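Beneath this line is the structure, given in structure tokens, with notes to follow.
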There are 2 protein chains.
Amino acid sequence: METLNAAELLAALGHESRLSVFRLLVEAGPEGIVASAIGEKLGLPPATLSFHLAHLSRVGLIRGRKESRFIRYCAEYATMDELIAFLTRNCCQGEACLPKTATCDTIAKRRKCGDGNP
Amino acid sequence: METLNAAELLAALGHESRLSVFRLLVEAGPEGIVASAIGEKLGLPPATLSFHLAHLSRVGLIRGRKESRFIRYCAEYATMDELIAFLTRNCCQGEACLPKTATCDTIAKRRKCGDGNP
DNA sequence: TCCATATTTCAATAATAGTCGAAATATTGA
DNA sequence: TCAATATTTCGACTATTATTGAAATATGGA
């Protein structure tokens, strides 16, 4: 991933409403959530929600599939992963970095960078 | 550190110039880089660079320390770590996610989320 | 077909962010 | 003190983004 593309993804997530939508979908898992339910949960007017969903879709962070009258959205985990990989690539010259504890098991593993450790 | 404002951090990184600055500092490691060298490397005019450095500093993604006439900036790895932890917290309902290969050892470990695996 | 519901598009407006020359400030070494 | 260099602030301008009501489109069920 190049810088330009990463900046686009980060900008998409750098908005309170869009980040809330994305987090909701990340937590929802592969099953996703239909648009109207997202709007209800976050209290966003239809036009506003549509605008933000379109933005997140355009950059590839979420995907929507038509399902009868609804559109069901889910997070694109692969895109998020690439983004995180980009952010941490070649980090910190082999020093320890990213040392904080975290909630998710996998995050807890992410303690040192570039130290060749399992 | 105050409470994490993830959208603010993401918006700060969601600009090509700022992301370039941040990546440069992430790769530079704890030693950091002086402002003028950053500007030269990225081809940013002093006023523009100052604007972006101030922005990144304000949200806590980088830190500058005066060093004689220069200001030496370095990445705040802890902030980035909190941000990544936030993005991946409670992800995907125990399904496999973030499955892509990555450059950094620590990233390579980050393969499943919430599966109770080491 | 007709109605109710889901979502998008349109359009006007409001708000915010980015750019960078020039002037100001700070620091150091001569 | 003076000149050179590093960085910030100011100010004016440009560009982009966000908001949302209302109208349009799409779908499925009665």
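Cβ separations smaller than 8 Å between residues 6+ apart or across chains give the following pairs from the range A:31-46 residues that are in a loop (DSSP other than H, G, I, E, B) to residues that are of a type in the set (A, V, I, L, M): A:Gly32/A:Leu25; A:Gly32/A:Ala75; A:Leu44/A:Ile38.
Filtered by the rule that a residue be away from DNA strand D (no atom under 11 Å from the Cβ) and open to solvent by 80 Å² or more (accessible area, probe 1.4 Å), the range B:31-56 gives B:Glu31, B:Lys41. Please list, ordered by first then second residue, the pairs with beta carbon atoms under 6 Å, 6 or more apart or interchain, first in the range A:83-95 and at the interface with chain B (Cβ under 7 Å from one of its Cβ atoms) and on the phi > 0 side of the Ramachandran plot, second crowded, with 17+ Cβ neighbours inside 10 Å and modelled with pLDDT under 95. As it stands, the answer is A:Cys92/A:Cys113; A:Cys92/B:Gly29; A:Gln93/B:Gly29, since those pairs meet every condition given.
The single condition among (1) under 30 Å from A:Ile33 (Cα atoms); (2) open to solvent by less than 40 Å² (accessible area, probe 1.4 Å); (3) touching a helix residue (DSSP H, G or I) at 6+ places or on another chain (Cβ under 6 Å) that B:Val59 does not satisfy is (1). Against the test of being modelled with pLDDT under 75 and farther than 27 Å from B:Ile62 by Cα, the options A:Pro99, A:Pro30, A:Pro118, A:Pro45 yield a single qualifying residue, A:Pro118.
State which residue is farthest from the other protein chains (Cβ to nearest Cβ) when the search covers only the range A:1-25 and only residues that are within 11 Å of A:Tyr73 (Cβ to Cβ) and surrounded by 20 or more Cβ atoms within 10 Å (Cβ to Cβ). If we take residues in the range A:1-25 being within 11 Å of A:Tyr73 (Cβ to Cβ) and surrounded by 20 or more Cβ atoms within 10 Å (Cβ to Cβ), then A:Val21 is farthest from the other protein chains (Cβ to nearest Cβ).
Restricting attention to the range B:64-79, the residues that are more than 13 Å from DNA strand C (Cβ to nearest atom) and crowded, with 16+ Cβ neighbours inside 10 Å add up to 6.
The values are calculated or read from the model by the stated rules, or taken from the named source; none is laboratory data. Remember, predicted model here, so these are calculated numbers, not experimental data. A quick note on method: Cβ atoms are made from the backbone with ideal geometry, for glycine too, and the neighbour counts reach across all protein chains shown. SASA here: full protein model, heavy atoms, side chains in, ligands and nucleic acids out. Shrake-Rupley method; radii C 1.70, N 1.55, O 1.52, S 1.80 Å.
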